[in-house]
Structures are given as C-alpha cells and as structure tokens.
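Read-outs throughout are calculated quantities, based only on the coordinates presented, and are distinct from any laboratory measurement. Remember, predicted model here, so these are calculated numbers, not experimental data. Quick reminder, even Gly has a Cβ in these numbers, built from the backbone with ideal geometry, and neighbours come from all protein chains shown.
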Amino acid sequence: MSIIAPSILSADFANLERDTKMVNNSHADWFHIDIMDGVFVPNISFGMPVLKAIQKHAEKPLDVHLMIVDPDRYIDIFSALGAKILTVHFEACNHLHRSVQKIKSCGMKAGVALNPHTPVNNLKNIIQNIDLVCLMSVNPGFGGQSFIENTYKKIKEIRALIKETNSSCLVEIDGGVTNQNASKLITSGADVLVSGNYIFAAEDPKTNIKILKDL
Ligand code: DX5
Ligand code: ZN
C-alpha cells in the first residue's frame, strides 16, 4: 500500500476548511502543499497565510513542495508553519547539501525534487542524506497536466540508486497521477503518490483517494 498525498493545489480555495477536513476523514496519509513563486515555475500558487489556514485544520503530516528559487531563505518559516517534510528542487539549489542540512536541523524530513528532464544520477552524492525523492511526472507549475511516460524509467533508476547506496529514502511521484497509471507506478517502485486533479475534480474525492490507497 502506498502513501497517498492529495495535492491541495487542486482544492477549492474558497472552501479550504471543508477540503482539509475531507482529507482528514479520508484514507489519505499526507497533505501535499505546492508553494510556487512565479520565478522557478511560471505560476504563483499561495504562501504562508494559506499554509497557516490549512495547518489549523490538518490532522495529517504536511508534505510541503517548494517550487521557489533560493529556498534556504524560508526553511525555518516552513518549519514553524508545521511542515513535516520539506522538499526543495535540485534545480533551485546552488548548495543542495547545505539546504538539506538546514531542513534537517529544523527537525523536518528532507526531500529533493527533480524536474522531468533532470537525470536521477544527480542525486548520487546526496541520496544517503535525504528522506524523500520527488520525481516530477509533469513540468512543475500547474495541476491537471498529463503524466510524462518517461517517469517509469526514472523510478527504476532511482530505485537502483537507493539500493546501491543503502538509502532509506522514499520515492514520491508528483503530477498527472490517476487510477490509470497508479498501479504501474507502484510496481515500478513508487512509495508516495501525489494526486491533485484526479482527487479534487471528482464528484466524491474520498472514493478516489480510497481507489489509489487500495492499489
Ligand atoms: C505541480 C505540482 C503538483 C500538482 C499535482 O507543479 O507539484 O503537486 O498539484 O496535481 P495533478 O495531480 O493534478 O497533476
Ligand atoms: Zn507538488
């Protein structure tokens, strides 16, 4: 059974309390929170006040995915806002090891995300220091995009690297995850499935969460 992390980016922002409670009462495991700055990605999502509002009602761990340049500036703030897992982008960090150290020193689990075109081999010298690898299966910036098929190959590569280095880090897949591709993602080696549109655009989001959870 994989870890299911509904992406709040696809929630109804006028009903965040309702949607947060829906996730609390579902079979989901984490909240996936996408922070975008309009610089690293061509979109701006939301920032600290919205995260604070979600945190007020959330009863499951907050998995915060930073799509921002120079994330070190905000690591302690996201810790104070209740993030349990903080993921930064490989492509956004000049000193990735330092960023990971800072995340851990704040008491959070450290994740590193890779854009679809970024080879997994780049994580060779950091994989033992991190708790999660987030493989982007769409180009980051928007919910509701279609899944990039090359991701299956990357999952196998990252699994091989994890094995080779004896790392215990989790593999998270983010973007375009639905009931159509989830089984194959799991058999390829995914541990965590992020899903936005498939869950929140559904008539009954809790059922779709359960469908993913039961695979
Ligand atoms: C994309 C975000 C994803 C997104 C996933 O930049 O990181 O978390 O919200 O949403 P879907 O499942 O709709 O692709
Ligand atoms: Zn995300």
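Below is a table of values for the structure above.
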quantity: Kirkwood-based Rg to Rh ratio, the chain, C-alpha trace; calculated: 0.93
quantity: Lys, Arg +1 and Asp, Glu -1 on Cβ, resulting dipole of the chain about Cα centre, debye, nearest 20; calculated: 440
quantity: Cβ-defined net charge surrounding Gln145, 15 Å radius [Lys, Arg +1; Asp, Glu -1]; calculated: -3
quantity: For the chain, share of DSSP beta bridges that run antiparallel, in % to the nearest 5; calculated: 5
quantity: Cα convex hull volume per residue for region 1-118 (Å³); calculated: 113
quantity: Radius 14 Å from Cβ of Lys104, net charge of other residues (Lys, Arg +1; Asp, Glu -1); calculated: +1
quantity: Most mobile of Asp34, Asp70, Asp204 in a GNM of the chain (Cα contacts under 10 Å); calculated: Asp204
quantity: Part-to-part distance (alpha-carbon centres) for region 44-99 and region 165-213, which is given in Å; calculated: 21
quantity: Estimated distance in nm for a label pair at Ala80 and Asp214, the labels positioned 7 Å out from Cα along Cα-to-Cβ; calculated: 4.4
quantity: Helix-only CD estimate at 222 nm, as mean residue ellipticity for the chain, using -39500 (n - 2.57) per DSSP H run (n ≥ 4); calculated: -9000 deg cm²/dmol
quantity: Convex hull volume per residue for region 60-152, taking Cα atoms only, in Å³; calculated: 108
